[in-house]
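Chemist: Before I ask anything, here is the structure I am working with.
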Amino acid sequence: MWDWSFVLEILPVLAHAAIISIEATLIGFVLAATLGLVLALARIAFPSTALPISVLVELIRSTPLLIQIFFLYFVFPSFGVTLDAFTAGVLALGIHYAAYCSEVYRSGFDNIHRGQWEACTALNLSSWTTFRDIIIPQAIPPIVPALGNYLVALFKETPLLSAIAVLELMQTAKIIGSETFRYTEPITLVGVFFLAMSLVSATLIRAVERLLNRRPAR
Amino acid sequence: MTDKPIVRFDKVSKRYGPLTVLDSLELDIFRGEKVAIIGPSGSGKTTVLRMLMTLETIDDGVIWVDGEPLTHMERNGKLVRADQAHIRKIRARIGMVFQSFNLFPHMTAMANCIEAPMTVLGMKRQDAEARAADLLDMVGLAQKKEHYPSQLSGGQQQRVAIARALAMRPKIMLFDEVTSALDPELVGEVLQVIRKLGSEHDLTMLMVTHQMGFAKEFADRICFFYQGKICEQGHPKEFFGSPKNDRTKQFLHAVLEAG
Ligand SMILES: Nc1ncnc2c1ncn2[C@@H]1O[C@H](COP(=O)(O)OP(=O)(O)OP(=O)(O)O)[C@@H](O)[C@H]1O
Ligand SMILES: [Mg+2]
């Protein structure tokens with residue numbers, strides 16, 4: 001049933017596809033973390049943006065990621081914006097998770113004591129300096145675990161990109177399957193790979209958490 | 001003391017919904033003057049300081065600092081609401097120390113004291129550190145420069161907060177019950193620093209305090225607030241020696257009773 005020589009044969013192909021999956025994850029997450037931060041900052045710095053941003057975040061969170069992927073890939077071209085599959089997929093992942101990340105940042109900012117903001121005003125710091133030197137350095141460390149969880153969640157959703165034929169792991173495994181009529185090895189390998197990567201990143205996140213907790217807090 | 005006030009509250013009112021916290025307040029404070037603000041809880045003492053620090057907006061009137069409007073600015077000969085740039089310019093003359101210290105917990109005492117001088121005044125690190133070192137020395141914390149707030153006692157934290165505010169060279173310093181959050185044995189060291197400031201610097205000081213003894217000994221003037229108005233004010237000798245208003249008498253009686 002399980003054929004090791006077949007495994008050896010498809011491993012290089014899958015390894016190459018795994019790189020695409022990891023790329024999509026990293027780019028998608030950098031996008032999510034950055035855009036999420038921008039959204040969270042905007043609602044504090046420009047209170048008038050708070051309502052539109054909540055609506056947008058709610059909209060993104062209440063529709064399936066797959067629909068958003070399809071939207072960017074299949075619907076955007078009719079508005080004259082044509083994206084290749086990888087770009088559309090990564091963009092959708094990034095935007096989708098930006099909505100979640102922005103809420104995480106928001107809880108981080110909400111946990112900063114009002115007195116910190118007031119001290120910044122009393123010292124006449126600019127809003128930019130206030131965020132950069134005082135608020136963000138205090139708000140981020142406690143939310144690293146939550147952000148890390150979203151990194152892992154985003155990674156586990158990259159197989160959705162196979163729906164628009166991005167040659168990531170899942171899509172590659174499907175192609176191998178349909179060409180050789182053997183699904184056991186490729187699909188199992190993909191599962192094992194996701195399991196291994198999730199365990200590795202969970203360990204990494206915990207290490208980062210410990211590192212951050214070592215610094216003296218309040 | 002000159003006859004031109006450094007701070008002037010000109011018919012300033014503050015309301016929270018239906019609650020009028022300050023009612024058409026008029027108060028002039030002169031250069032170098034040490035004013036103690038006392039009064040029952042909820043009488044608006046903190047609000048006065050917070051409005052001057054621009055932590056609260058005002059609903060009516062104008063606050064003047066050093067002859068220039070703080071809450072407003074002149075536009076075509078008229079006073080209009082100040083914009084952020086104007087507020088920042090005038091606010092630079094004022095520093096504040098809070099009841100709860102509000103030090104930046106992720107920064108050492110030294111870093112707390114150089115942050116604003118470097119980012120706001122554009123000072124070089126070296127110069128900012130030299131200034132901060134002098135100030136930390138002045139508040140008796142020369143040995144604690146590299147300590148984080150969590151590694152300092154409440155009294156030490158409050159002294160860092162004083163040094164941090166002074167590093168911006170304000171002309172006016174605001175103190176809001178700066179010893180209220182401290183254990184009794186730590187109150188003295190903070191008051192000692194404030195005393196030193198009173199004699200060493202030509203600073204205008206405005207402090208809200210429940211320490212009647214300190215107010216009496218330190219202040220040039222006592223302002224007694226009651227329900228958002230100054231009910232009585234005067235030199236501490238007369239104020240404590242022969243208060244005129246019945247509310248003042250009641251308040252002093254209650255406070256002195258409590259010890
Ligand atoms: N943000 C706010 N919203 C609504 N009411 C407020 C707010 N801040 C202050 N108040 C009210 O304004 C009044 C004056 O408050 P303030 O803090 O100036 O009093 P205080 O004289 O400093 O009292 P204490 O001695 O207790 O510190 C109080 O009745 C208070 O409840
Ligand atoms: Mg108060």
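The values are calculated or read from the model by the stated rules, or taken from the named source; none is laboratory data. Note that the structure is a prediction, hence the values are computed from the model and not measured. Backbone-built Cβ (ideal geometry, glycine too); neighbour counts: all protein chains shown. Areas reflect the complete protein model, heavy atoms only, side chains present, ligands, DNA and RNA absent. Shrake-Rupley method; radii C 1.70, N 1.55, O 1.52, S 1.80 Å.
Chemist: Is it the case, given these coordinates, that B:Met96 is away from chain A (no Cβ under 14 Å) and either open to solvent by less than 30 Å² (accessible area, probe 1.4 Å) or under 18 Å from B:Thr20 (Cβ atoms) (or both)?
Modeler: no
Chemist: Give B:Thr54, B:Thr47 a once-over and let me know the one that is in a loop (DSSP other than H, G, I, E, B) and within 16 Å of ligand 1 (Cβ to nearest atom). Steps first, please.
Modeler: Values: B:Thr47 fails: in a loop (DSSP other than H, G, I, E, B).
Among B:Thr54, B:Thr47, only B:Thr54 is in a loop (DSSP other than H, G, I, E, B) and within 16 Å of ligand 1 (Cβ to nearest atom).
Chemist: Please work out if B:Leu55 is open to solvent by 40 Å² or more (accessible area, probe 1.4 Å) and within 16 Å of ligand 2 (Cβ to nearest atom).
Modeler: Values: open to solvent by 40 Å² or more (accessible area, probe 1.4 Å): no; within 16 Å of ligand 2 (Cβ to nearest atom): yes.
So B:Leu55 does not fit the description; no.
Chemist: Being away from chain B (no Cβ under 14 Å), open to solvent by 20 Å² or more (accessible area, probe 1.4 Å) and in contact (Cβ under 8 Å) with a residue 40 or more places away in the chain is the filter here, so list the residues in the stretch A:94-143 that pass it.
Modeler: A:Ile95, A:Tyr100, A:Glu103, A:Arg106
For (1) surrounded by 16 or more Cβ atoms within 10 Å (Cβ to Cβ); (2) not in a helix (DSSP H, G or I), each residue gets a yes or a no:
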position: B:Glu146; (1), (2): no, yes
position: B:Ala163; (1), (2): yes, no
position: B:Glu185; (1), (2): no, no
position: B:Glu189; (1), (2): yes, no
position: B:Gln192; (1), (2): no, no
position: B:Gln233; (1), (2): yes, yes
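Chemist: Of the conditions (1) away from ligand 1 (no atom under 16 Å from the Cβ); (2) more than 26 Å from A:Leu125 (Cα to Cα), B:Gln211 fails just one. Which one is it?
Modeler: It is condition (1) that B:Gln211 fails.
Chemist: Are any of the residues in the stretch B:152-159 in a loop (DSSP other than H, G, I, E, B) and without any contact (Cβ under 8 Å) to a residue 60 or more places away in the chain?
Modeler: Yes, some residue in the stretch B:152-159 is in a loop (DSSP other than H, G, I, E, B) and without any contact (Cβ under 8 Å) to a residue 60 or more places away in the chain.
Chemist: Right, another one. Would you confirm whether or not the stretch B:111-122 contains a residue that is surrounded by 23 or more Cβ atoms within 10 Å (Cβ to Cβ), within 13 Å of another protein chain (Cβ to nearest Cβ) and out of contact with any helix residue (DSSP H, G or I) (no Cβ under 7 Å at 6 or more places or on another chain)?
Modeler: yes
Chemist: So which of B:Val62, B:Val80 ends up being in a strand (DSSP E or B), away from ligand 2 (no atom under 16 Å from the Cβ) and farther than 16 Å from B:Ser24 by Cα? Full working, then the answer.
Modeler: Numbers: B:Val62 fails: farther than 16 Å from B:Ser24 by Cα.
Selected residue: B:Val80, the only one of B:Val62, B:Val80 that is in a strand (DSSP E or B), away from ligand 2 (no atom under 16 Å from the Cβ) and farther than 16 Å from B:Ser24 by Cα.
Chemist: A further question follows. Residue check: is A:Ala153 of a type in the set (A, V, I, L, M, F, W, C), open to solvent by 40 Å² or more (accessible area, probe 1.4 Å) and not in a loop (DSSP other than H, G, I, E, B)?
Modeler: no
Chemist: Can you pull out the residues in the stretch B:123-144 that are within 16 Å of A:Leu125 (Cα to Cα) and crowded, with 21+ Cβ neighbours inside 10 Å?
Modeler: Listed by number, the list holds a single entry, B:Ala128.
Chemist: If you don't mind, there's one more thing I want to ask. Would you mind stating whether B:Thr20 is within 16 Å of ligand 1 (Cβ to nearest atom) and out of contact with any His (no Cβ under 8 Å at 6 or more places or on another chain)?
Modeler: When the stated conditions are applied, B:Thr20 passes them.
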